[in-house]
Ligand code: CA
């Protein structure tokens, strides 16, 4: 076990038991204190951000392979991610050490603290990673079976390929947005029930999808697949993902090539990237895979992470967020190493900053269904909110709030949240 994840570590910065950001986490993000300040890189600690660009200037990383790289003064994490696992580990050890309560270097230097500790409430978070390619998997057997059964009947719930390979599609990276950034209900082609020709309309079936994603730190050369036992060396860290979906647009367009405009209008992510190292203590046994996958996808034992997931809904009338989903990352059938191995097995090159998302994470219980399509059983069972409001799909000004954390003994290694509000369709974007 890496010493930076020791449950006994304490920071001199106070961190409450409910905080997502104890010294065992140290997630990376990009922030700015004002609009005219250049974005820079920091880690979250309690209610503060430690400004790594200042530590870098002060020489804290001089004894590591990061020396002279200036990666923490950049406005995305990409250059740091591209340095590879040795540099990530070295940086993490320096940062952990600087924040420890038994290290006087920053603890007793009030002037340095004034320069490099920024209250999160005084900072604006920015897009952490520049992403060229976004791939979305479909790795929850519960989700794939539920959706398949609703559409094709329980006998044909899963397509024959599903248990042999992690199904995925190439998503759209340009419309990845950060938590707090809202979007307008998209327009598109929709085929009304019992009609033969489509209409052009704002989607009437806007849904969220509870997902998690991971960033590729170091890619592979074209033609050189990443073997499954090396896959995690290429993964930098994880974020929460809300993969917005317009179900009516999707239903009309997806045959035969899969999702397109129903998915590409917005995908929300949380601002803090949790390093894979911080998740190590929460590794757990994954779902048993039957039949056994082909050798290139074979693990000694399927492993995953125990990450608790929740989704809350807030409406214009219901201002206290109401919990509508409790799920867990561990319910996924295919694990992240298998996803990397499969993605590259044909020689496809992954690149620094690529985002690979899990697909909707649904579990075995009614509470753990990860999107409205499943929760409402294709609209047959509307969701009833505590104030009597009903939802089949999302209304304008509804806010969806997702959160995720690993539960330690007396501390949480968390992802913060991803919060997005649906804005009304824009008339001006309606081309005649
Ligand atoms: Ca998805």
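Residues that are assigned to a helix (DSSP H, G or I) and more than 16 Å from the ligand (Cβ to nearest atom): does segment 249-263 have at least one? For segment 249-263, residues assigned to a helix (DSSP H, G or I) and more than 16 Å from the ligand (Cβ to nearest atom): present. Just one of the listed residues (118, 147) is crowded, with 18+ Cβ neighbours inside 10 Å and over 26 Å from residue 37 (Cβ atoms), namely 147.
Which residue, of 164, 143, is closer than 28 Å to residue 325 by Cα, outside any strand (DSSP E or B) and in the same structural domain as residue 335 (by TED's automatic domain parsing)? Talk me through it step by step, then tell me what you get.
Details: 164 fails: closer than 28 Å to residue 325 by Cα.
Result: 143 is the single residue among 164, 143 that is closer than 28 Å to residue 325 by Cα, outside any strand (DSSP E or B) and in the same structural domain as residue 335 (by TED's automatic domain parsing).
Checking the stated criteria, residue 96 turns out not to satisfy the condition of being within 16 Å of the ligand (Cβ to nearest atom), surrounded by 19 or more Cβ atoms within 10 Å (Cβ to Cβ) and at pLDDT 95 or above.
For segment 124-138, the criterion of being part of a helix (DSSP H, G or I) and touching a residue at least 24 places away in the same chain (Cβ under 8 Å) is met by none of the residues. Could you please find all residues in segment 187-219 being over 22 Å from the mean Cα position of the chain (by Cα) and either within 16 Å of the ligand (Cβ to nearest atom) or in a loop (DSSP other than H, G, I, E, B) (or both)? Within segment 187-219, 191, 192, 193, 194, 195, 196, 197, 198, 203, 204, 205 qualify. Scanning segment 274-297 for residues that are in contact with a strand residue (DSSP E or B) (Cβ under 7 Å, 6 or more places away or on another chain), surrounded by fewer than 24 Cβ atoms within 10 Å (Cβ to Cβ) and outside any helix (DSSP H, G or I) returns 283, 284, 285, 286.
Here's the yes/no breakdown for (1) in contact with a helix residue (DSSP H, G or I) (Cβ under 9 Å, 6 or more places away or on another chain); (2) in a strand (DSSP E or B); (3) on the phi > 0 side of the Ramachandran plot:
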{"position": "343", "(1), (2), (3)": "no, no, no"}
{"position": "347", "(1), (2), (3)": "no, no, yes"}
{"position": "360", "(1), (2), (3)": "yes, no, no"}
{"position": "363", "(1), (2), (3)": "yes, no, no"}
{"position": "370", "(1), (2), (3)": "yes, no, no"}
{"position": "374", "(1), (2), (3)": "yes, no, no"}
{"position": "378", "(1), (2), (3)": "yes, no, yes"}
{"position": "388", "(1), (2), (3)": "no, no, yes"}
{"position": "397", "(1), (2), (3)": "no, no, yes"}
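Pairs linking a residue in segment 259-272 that is over 15 Å from residue 205 (Cα atoms) to a residue that is within 13 Å of the ligand (Cβ to nearest atom) and at pLDDT below 95, with Cβ atoms under 9 Å and 6 or more positions apart or on different chains, are 260/254.
The values are calculated or read from the model by the stated rules, or taken from the named source; none is laboratory data. Computed from a predicted model, the values in this text were never measured in an experiment. Note that we place each Cβ from the backbone using ideal geometry, even for glycine, and neighbour counts take in every protein chain shown.
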